[in-house]
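Derivation of every value follows stated rules applied to the coordinates shown; laboratory data play no part. None of these values were measured; they are calculated from a predicted model. Glycine also receives a Cβ, built like all others from the backbone with ideal geometry; neighbour counts cover every protein chain displayed.
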Amino acid sequence: MTEKKDILSFSLDELTEWLADMGQPKFRAAQIYGWLNLGTPPEDMTNIPKALRDTLKEAMLDTLPRVRKKLVSKIDGTVKYLFSLHDGSCIESVFMRYKHGNTLCISSQVGCRMGCKFCASTIGGKLRDLLPSELLGQIITAQRDTGERVSNIVMMGIGEPLDNYDNVIKFLRLVGDERGLNIGYRHISLSTCGVVEGIDKLARENFPITLSISLHAVTDEARSAIMPINHKWGIDALLRACRAYYETTSRRISFEYTLLSGKNDSEEDARALARLLKNAFSGTGAPLHVNLIRVNEVEETDFRRGSRESIERFRATLEKEGVVATLRRRLGADINGACGQLRRSSK
Ligand code: SAH
């Protein structure tokens, strides 16, 4: 038997070419492309001739994630999915309802090798990268399951997107295709722990997506202690890359800062954070935005959440220094395990 093909990772042009080699006309490719993006299995592609459906079924590697477990919040309807993949491995996605539309938080790898000390996703290391079709497939399956359209994507689930660079770029090209999922780049955020070479490359692609940087500390010493990537690219190199990214794309960057009680959440830390960002972007006119995150307490770690007052004090200090700071809303508080914990508990 010939090797199965990951057809859902094909662009419409690639699909057209593959079908043309089998003597199929162009309009069939458009029909099939539409079906694939709805997550329709070949046998249900009703306007496709039976012989072609059979060929497709035979040739296609079925990479669409399947719902293995689903937790629905009674508070706000947030849905946390555990998806199983074609090789039996598992990932998580979270479906959130906001006034501006439904947002899906997707995973980019099975596990993660970045080793951030507070994060549950990295505890077992990285098993493999997700394929473009598995990135798309999380959206397709969530849309099928909820019966609702996903209009915003955040790449903040399990994995480091810039450690799976080529597949993530292919995914970004596919997801914006108006004949496919048609999700606008301005509605997509990509979060990185600071893979500087990836940020440099991404700037040259010039997608109008929002880049989020997981900063979490204001000195190299403090950052290296919680994020091993900082040994390779320190804060200075990271912020230089961010400035260059802004200058190339004119897209504002969002800085993520997880508050870890007694470690990075003092008023002095807040002032240092504001200084750091203002210096890094001086003269560019870039709006500075910090997204504060309350740490999700992970059993295997000793990072704890600070008091409501200390979080508010941190936020107010940043604002006083001229940096816009928002506190990330907690959705699905009743189904909340930190990212990666559902997958870990399913082992
Ligand atoms: N690898 C990417 C994207 C995945 S993590 C990145 O590092 O940005 C998405 C965000 O959640 C990051 O800002 C990450 O640092 C943060 N995060 C991870 N574990 C967390 C925890 N236990 N509590 C709060 N935020 C956490």
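So what is the relative contact order for the chain, in percent, with contacts set as C-alpha pairs under 8 Å and at least six apart?
Rounded, it is 15 percent for the chain.
How big is the gap, in Å, between the Cα center of the range 177-202 and the Cα center of the range 96-133?
14
Could you give each residue of the range 252-268 its phi-based ³J(HN,Hα) in whole Hz, using Karplus coefficients 6.51, -1.76, 1.60 with θ = phi - 60°, and x for Gly or Pro?
5, 9, 9, 9, 8, 9, 7, 7, 10, 3, x, 10, 9, 10, 7, 5, 5
As a footprinting exposure proxy, order Ile139, Ile293, Ile32 by other Cβ within 10 Å, with the fewest listed first.
Ranked by crowding around the Cβ, least crowded first: Ile293, Ile139, Ile32.
Using a Cα distance threshold of under 25 Å, what count of lysine pairs results for the range 146-286 when pairs must be 8 or more residues apart or interchain?
6
Based on the Kirkwood radius over alpha-carbon pairs, what value in µm²/s does the Stokes-Einstein equation return for the translational diffusion coefficient of the chain at 4 °C and 1.567 mPa s?
Answer from the Stokes-Einstein relation: 61 µm²/s.
So who's got an amide H within less than 5 Å of the one on Val298, skipping anything under 5 residues away but keeping other chains? H placed 1.01 Å off N, in plane.
The list, which skips near neighbours in sequence, is Phe303.
Remind me, relative contact order of the range 88-214 in percent, using alpha carbon pairs under 8 angstrom and six or more residues apart?
Result for the range 88-214 is 23 percent.
Please identify the GluC sites (Glu not before Pro) of the range 279-341 that satisfy two criteria: DSSP loop assignment and at most 16 other Cβ atoms within 10 Å. Which are they?
Sparse-neighbourhood loop GluC sites (Glu not before Pro): Glu297, Glu299, Glu300.
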